[in-house]
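Nothing in this text is a laboratory measurement; each read-out follows from the coordinates by a stated rule. Computed from a prediction, not measured in an experiment: that's the story for all the values here. Don't worry about glycine lacking a Cβ; one is built from the backbone with ideal geometry, like all the others, and counts go over all protein chains shown.
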Amino acid sequence: MQKSSYIPKLRWPLDLRMEKVEGKDVLLINCPLGISKSPLFLIPQVAPLVASLDGELSIAQLTQKFSLYGITETLLQELVTLLDDHLFLNSEHFNRAKIAFLSAYAAETHRPPALAGLSYPSDRSSLSSLVDSYLSNGIIAQSASLQSQKLVTFMAPHIDYGRGGTCYGSSYRHLKGATQDVVIVIGTSHQYSTHLFHLTCKHFDSPLGRLETDVEFVIALSSKYGSLRSFADEILHRKEHSLELQVPFMQRTCKGKIVPVLVGSFHHMVTAGKLPSSYEDYDRFADALTETISTWQARGSRIAFVAGVDMAHIGQQFGDNELLSPEFMENIRTRDTQYLMALESRNKKALFEHIAEDGDKRRICGFPTMYTVLDIMDRLKLSTDSVVFGYEQSVDKDRVCGVTFAGMGFYTKVTPHASF
């Protein structure tokens with residue numbers, strides 16, 4: 001038991017949200033990085049108390065603050081102990097576990113699949129059948145002008161397969177039989193970090209086998225961008241789904257090594273109304289990636305992008321007031337069409353302004369990734385045509401949660417360095 005003077009503080013990052021378990025409301029606390037092995041379920045009445053564990057008040061002070069609600073020091077001590085046992089407090093116990101966890105992950109040469117058995121089948125046969133069923137039912141975009149061109153940038157969703165399988169299939173059908181030297185697999189980092197871009201040298205495993213990372217390319221890129229910040233939060237790759245959900249589809253459609261890149265939030269740029277190139281960490285990375293691609297192309301390597309991105313995240317589950325009526329979703333479709341048009345025209349300034357004009361009200365998580373990809377294509381002086389493979393909206397039955405997503409391809413004329 002801690003002393004009355006002990007000041008408990010929740011550690012970061014944590015997921016805290018209300019959920020229903022067997023029809024009852026519970027407060028769920030979970031570790032998005034996997035340092036804590038299991039989630040914790042608490043009665044919702046303790047939510048105000050848990051929220052007060054901000055490192056400002058001691059156990060004695062918290063007891064006094066919540067005494068009118070029947071909270072005793074013994075009860076509070078039990079709660080603090082329970083949270084610390086689950087590694088949810090910023091404590092010596094957690095710090096020791098974190099160091100051991102990060103050290104163990106750093107020593108791994110591969111990234112095990114975090115979602116196998118959860119978001120998709122964990123056995124090879126079932127996963128192959130599932131992916132192939134989406135691919136066989138997908139729609140091939142018809143465009144005569146693109147038949148003689150090569151796909152150099154590819155955008156797919158990162159929503160779960162259950163909601164986005166059709167869009168995955170319609171998109172990845174366009175990669176069938178493709179062979180390339182390097183694919184830069186780039187997507188949303190959903191966890192906060194003080195750093196903007198996150199690299200890893202680890203190979204990506206799935207029930208379908210191993211997708212090898214081009215370690216030489218990653219090291220060359222990190223040396224130009226800065227090795228410390230490139231790998232400072234490499235742990236964010238461990239459970240991130242935006243790239244993992246691309247892996248089984250890539251393994252069933254194309255061949256080549258990958259360069260995994262996670263992109264953080266541009267919120268501070270949008271709030272300030274300043275383009276990403278105004279920021280050193282962004283501009284240095286864009287330069288570094290452009291330089292590295294150019295070096296590999298000079299060797300004759302074929303380079304392409306696969307972007308794992310979703311679009312709008314709307315509804316009361318994300319903090320909105322409105323229910324997602326058909327009329328509301330039609331308005332979202334109109335705004336999403338404007339977003340896709342900015343992508344199709346490769347107008348990154350218009351893309352930024354589209355997001356900034358309403359402060360990213362739709363919470364388009366794939367915006368930073370796609371802005372970066374458009375910028376790199378500009379820096380490479382790459383001329384492209386584009387086509388949308390499909391656009392979809394997923395709204396839950398209670399109309400409190402909606403996600404929109406699309407597939408898209410950017411094509412260029414056949415050259416010695418064109419990919420796919």
Listed candidates [x] 0.95; [y] 1.00; [z] 1.05 - label of the one calculated as Cα Rg over 2.2 N^0.38 Å
[z]
Enter the Cα centre distance for the pair the range 34-64 and the range 263-288, rounded to the nearest angstrom.
35
Describe numerically, in nm with one decimal, the distance between label points set 7 Å from Cα along Cα→Cβ at SER227 and at GLU78.
5.2
Work out the P(r) tail for the range 15-105: percent of alpha carbon pairs separated by more than 19 Å, whole number.
46
Go ahead and run the numbers for FRET between THR295 and VAL21, Cβ-Cβ distance against an R0 of 41 Å, rounding to 0.05.
0.20
Listing PHE154, PHE249 from the residue with the fewest other Cβ atoms within 10 Å to the one with the most, what is the order?
PHE249, PHE154
Here the residues of the range 361-395 lying in the modelled label zone of ILE139, meaning backbone nitrogen under 20 Å from a point 7 Å along Cα-to-Cβ, are 386-395
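How big is the Kirkwood radius of the range 4-56, worked out from every pair of different alpha carbons and given in Å to one decimal?
Values: mean 1/r = 0.0824 Å⁻¹.
About 12.1 Å, per the Kirkwood formula over Cα pairs.
Looking at the chain, identify the longest residue range that excludes and avoids all GluC sites (Glu not before Pro) in DSSP loops having at most 16 other Cβ atoms within 10 Å.
Details: sites that count: GLU22, GLU56, GLU108, GLU212, GLU322, GLU357.
Result, exposed sites excluded: 213-321.
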Taking the 0 to 90 degree range and rounding to the nearest ten, how far is the long axis of helix 124-137 tilted relative to the main principal axis of the chain, both from C-alpha atoms?
60
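Give the calculated FRET efficiency between LYS413 and LYS349 to the nearest 0.05, with a Förster radius of 30 Å applied to their Cβ-Cβ distance.
Working: r = 25 Å, r/R0 = 0.83.
Efficiency, from the Cβ-Cβ distance: 0.75.
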Cross-link candidates for LYS348: which lysines have Cα within less than 21 Å, leaving aside residues fewer than 8 places away along the same chain?
LYS274, LYS361, LYS381
Hey, which lysines would be in cross-link range of LYS257, C-alpha to C-alpha under 19 Å, not counting anything within fewer than 8 residues on its own chain?
LYS150, LYS176, LYS202
Sequence neighbours fewer than 8 away in the same chain don't count; with that in mind, list the aspartates and glutamates whose C-alpha is under 15 Å from LYS397.
GLU322
Set the Förster radius R0 to 25 Å, insert the Cβ-Cβ distance between LYS65 and LEU323 as r into 1/(1 + (r/R0)^6), and round the FRET efficiency to 0.05.
0.10
What one gets for the range 192-338 as the Kirkwood radius, inverse of mean 1/r over different Cα pairs in Å, is 17.7
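Return the loop-located chymotrypsin sites (Phe, Trp or Tyr not before Pro) in the range 273-338 (DSSP other than H, G, I, E, B) with at most 16 other Cβ atoms within 10 Å of their own Cβ; answer none if there are none. Let's see the in-between values first.
Numbers: sites: TYR279, TYR282, PHE285, TRP296, PHE305, PHE318, PHE328; in loops: TYR279.
Passing sites in the range 273-338 are TYR279.
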